[in-house]
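First up is the structure itself, then whatever we jot down about it.
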Amino acid sequence: MASRRQDSHVQFVQIDGLVALKIIKHSQEEGAGGTDLVQGVLLGLVVDNRLEITNCFPFPRHSEEDDFDEMQYQMEMMRNLRHVNIDHLHVGWYQSTYFGSFINRPLLDSQFNYQHSIEESVVLIYDPLKTTQGFLALKAYRLTPAMMKFYKDADFTPDAIAKHSISFENMFEEIPVVLKNSHLCNALLCELAPPTKRDEKYNFLDLGTSAVLEKNLRQLMECVDDVAMDTNKYLNFMRQNFRQQQAKQQYLQKRQQENQQRQVRGEPPLPEEDINKMFKPLQSPPRLDCLLVANQIDQYCNSISQFSAQSIAKLFMAESLQENAGDSAAASSTSS
Amino acid sequence: MASNLVCKIHPMVLFSIIDSYERRNEDAKRVIGTLLGSYEKGIVEVSNCFAVPHNESEDEVAVDIDYARSMYELHKKVNSSEMIVGWYSTGSEVSVHSVLIHEYYSREAKHPIHLTVDTVMRGGKMNLKAFVSTAIGVPGKTTGTMFTPASVDITSYDPEQTGVEVLQQGKYKPKRQVSIQSDLIKVESACTKLRQMLQQVLEYVDNVLAGKVQADTTVGRFLLDLVSSVPKIDPEEFENMLNSNMKDLLMVVYLANLTRTQLLLNEKINSIPA
């Protein structure tokens, strides 16, 4: 039974248009347009090889009240939604992000808890700033099975990492997202097309790319600083460890020599002392945070490359327009 | 006067109404629910809604008021600025029962609006109508209420607009699915769209020059604006600007790749046994 569930892996996530709009609206109203984090619950069910998300509801932001309200809020919300025949099965949660910086310890903890109780749960990351610029940025992530096992052991030493062969690349896996609407929704979209079309803006063709790039690069620099510090600590630890090993070896050798000499002289050998008490073993530093930061850097690099690619395309477009204007100006000057 | 009320509705509300209509019970012919939003000097902005279970038969109607109240409380916890501004129902007619329901809602909010969404699509269109109740009749004798229509407008935040646009692309596909595209593809499709528009304009100009179509001064003025909106920059300067921008971007891409390689090397440290 258990093995069968592991095989039925969800291959893509299908989101109803309603859910996407609800997430957008929640982030817009509560998150002050993207600077604050908003979270919520996703509801739906698993069908064949896809995870269908049919509804969602937002979480109130952590105010001065205690967390007990959260559980009660969730229970009541789900009970009420059941009355109107909305799917009340928890299939994941969503979170908004600020410039793509969402890989951190709280996310890992929450996602682990979710995935532990519901195997197919995913976390939907929504980027409000990017969506305001014109690209709908919704991505679904899930922890890989290897990462789940690793986290369960709660042992973050380098040995454990090597045993589970975790690298920062196989911590999270991204699942493709598809938006789907029912026929009635499509009819509604046909109705909505005329009134909303006049607002169709092309603001993603904006050439002012430096602000976004700057922000991304600054965050990248911070992360790289973190990694550098962490690596230093680790190297220090290794150096100390090495020195300790050497000291241990020397001590053992001295001991042996002494014992030999004593044997030669006929005296009883010195008692074996517990080496560990003399040289306290050093604690291996936990490597989980380093992995998370590495993953975050990878994310930043990806988004920077994508953004630069798109900016270069826009620059080429502008160039061709300018060329045409230059050509026509030259042509008109020669003709007149 | 309440009759020149303007209703601004967010697309999400309409989607939600349709969703609750699709999920209605077997015997229910229509769905009703509460509309939440804000009210400001003659403009009602409807930004959220939730369905309310109700039973309706020939001569009576029962609405689960406790449910409505508890849902409203829950929603208020998330967004405390949303108030009840009215209620909605699917189906295009305003029946006698609607008056009763409207009375209940007028106790919860002042000037509640009643929105009808015609999901059965009489006449091939999904009509959206909003009503406000006004008192009619002879004062002192029999009075009644009448539903007067109010104007409906669709409004949305910028990101909502983007979301709706993405959904629009899925309308005509056989599977009604649309996958989230990468940035580059979006820029490419915008480029092709612009090219098509320019093509149309060029065709029009050619036709006018050949005398096939009569020239229109307003269109001509627009064309003049269009051509002059391309900024007149010295070509050399433009080359310089373009190149320096390009160099910045390429450098950033190079740095990003370098960082990633560095990360992979860093990973190797983890695999050295302690």
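Just to verify a result, which residue in segment B:4-32, among those that are more than 19 Å from the chain's Cα centre (by Cα) and part of a helix (DSSP H, G or I), is surrounded by the most Cβ atoms within 10 Å (Cβ to Cβ)? Step through it out loud before you land on a result.
From segment B:4-32, those more than 19 Å from the chain's Cα centre (by Cα) are B:4-5, B:22-32; that's our starting set.
When the remaining residues are screened for being part of a helix (DSSP H, G or I), the result is B:4, B:22.
Numbers: B:Asn4: 10, B:Glu22: 14.
The extreme case among them is B:Glu22.
Residues checked against (1) open to solvent by less than 10 Å² (accessible area, probe 1.4 Å); (2) away from chain A (no Cβ under 13 Å):
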| site | (1), (2) |
| --- | --- |
| B:Cys49 | yes, no |
| B:Asp59 | no, yes |
| B:Asp66 | no, no |
| B:Leu74 | yes, no |
| B:Ser80 | no, no |
| B:Ser89 | yes, yes |
Got a sec? Which of B:Thr134, B:Thr148, B:Thr116 is assigned by TED's automatic domain parsing to the domain that holds B:Thr34, modelled with pLDDT of 80 or more, farther than 30 Å from A:Leu138 by Cβ and not in a helix (DSSP H, G or I)?
-> B:Thr116
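Scan segment B:26-39 and give yes if some residue there is of a type in the set (Phe, Trp, Tyr) and touching a Ser or Thr at 6+ places or on another chain (Cβ under 8 Å), otherwise no.
Let us first name the residues in segment B:26-39 that are of a type in the set (Phe, Trp, Tyr), namely B:39.
Checking which are touching a Ser or Thr at 6+ places or on another chain (Cβ under 8 Å) leaves us with none.
Taking every residue of segment B:26-39 in turn, none turns out to be of a type in the set (Phe, Trp, Tyr) and touching a Ser or Thr at 6+ places or on another chain (Cβ under 8 Å).
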Which pairs have Cβ atoms under 9 Å, sit 6 or more apart or on different chains, and link a residue in segment A:105-134 that is touching a residue at least 24 places away in the same chain (Cβ under 8 Å) to one that is polar (S, T, N, Q) and assigned to a strand (DSSP E or B)?
-> A:Val123/A:Gln95; A:Leu124/A:Gln95; A:Ile125/A:Gln95; A:Ile125/A:Ser96; A:Tyr126/A:Gln95; A:Tyr126/A:Ser96; A:Asp127/A:Ser96; A:Pro128/A:Ser96
Keeping to segment A:85-129, report how many residues are open to solvent by 60 Å² or more (accessible area, probe 1.4 Å) and of a type in the set (Asp, Glu).
-> 1
Would you be able to tell me the number of residues in segment B:3-47 that are facing chain A (nearest Cβ under 7 Å) and of a type in the set (A, V, I, L, M, F, W, C)?
-> 4
Among (1) open to solvent by 10 Å² or more (accessible area, probe 1.4 Å); (2) modelled with pLDDT under 75 - the single one A:His183 does not satisfy | (2)
Some residue of segment A:196-210 being surrounded by 14 or more Cβ atoms within 10 Å (Cβ to Cβ) and either more than 27 Å from A:Ala309 (Cβ to Cβ) or modelled with pLDDT of 80 or more (or both) | yes
Within the bounds of segment A:256-266, is there any residue that is more than 23 Å from the chain's Cα centre (by Cα), modelled with pLDDT of 70 or more, in a loop (DSSP other than H, G, I, E, B) and farther than 30 Å from B:Lys247 by Cα?
-> yes
B:Lys173 passes all but one of (1) within 12 Å of chain A (Cβ to nearest Cβ); (2) modelled with pLDDT of 85 or more; which number fails?
-> (2)
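Please return the ranges of strands (runs of 3 or more DSSP E) entirely within segment B:33-108 where 2 or more residues are under 21 Å from A:Val19 (Cα atoms). Spell out how you get there, then give the answer.
On the way: elements: B:43-52, B:54-56, B:61-63, B:83-90.
Counting at least 2 such residues, we get B:43-52, B:83-90.
Of all residues in segment A:233-264 being surrounded by 14 or more Cβ atoms within 10 Å (Cβ to Cβ) and more than 30 Å from A:Thr157 (Cα to Cα), which is nearest to the other protein chains (Cβ to nearest Cβ)? So that I can check it myself, show each step before the final result.
Going residue by residue through segment A:233-264, those that are surrounded by 14 or more Cβ atoms within 10 Å (Cβ to Cβ) are A:234, A:237-238, A:241, A:244, A:248, A:251, A:255, A:259.
Now restrict to residues that are more than 30 Å from A:Thr157 (Cα to Cα): A:255, A:259.
On the way: A:Arg255: 25, A:Asn259: 30 Å.
Restricting to residues being surrounded by 14 or more Cβ atoms within 10 Å (Cβ to Cβ) and more than 30 Å from A:Thr157 (Cα to Cα), the top hit is A:Arg255.
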Tally, over segment A:130-159, of residues that are within 14 Å of chain B (Cβ to nearest Cβ), open to solvent by 30 Å² or more (accessible area, probe 1.4 Å) and under 18 Å from the mean Cα position of the chain (by Cα) = 2
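The values are calculated or read from the model by the stated rules, or taken from the named source; none is laboratory data. Given the structure is predicted, the values throughout are model-derived calculations rather than measurements. Please note: Cβ atoms are built from the backbone with ideal geometry, for glycine as well, and neighbour counts cover all protein chains shown. Quick note on the areas: whole protein, heavy atoms, side chains included, nothing else; ligands and nucleic acids left out. Shrake-Rupley method; radii C 1.70, N 1.55, O 1.52, S 1.80 Å.
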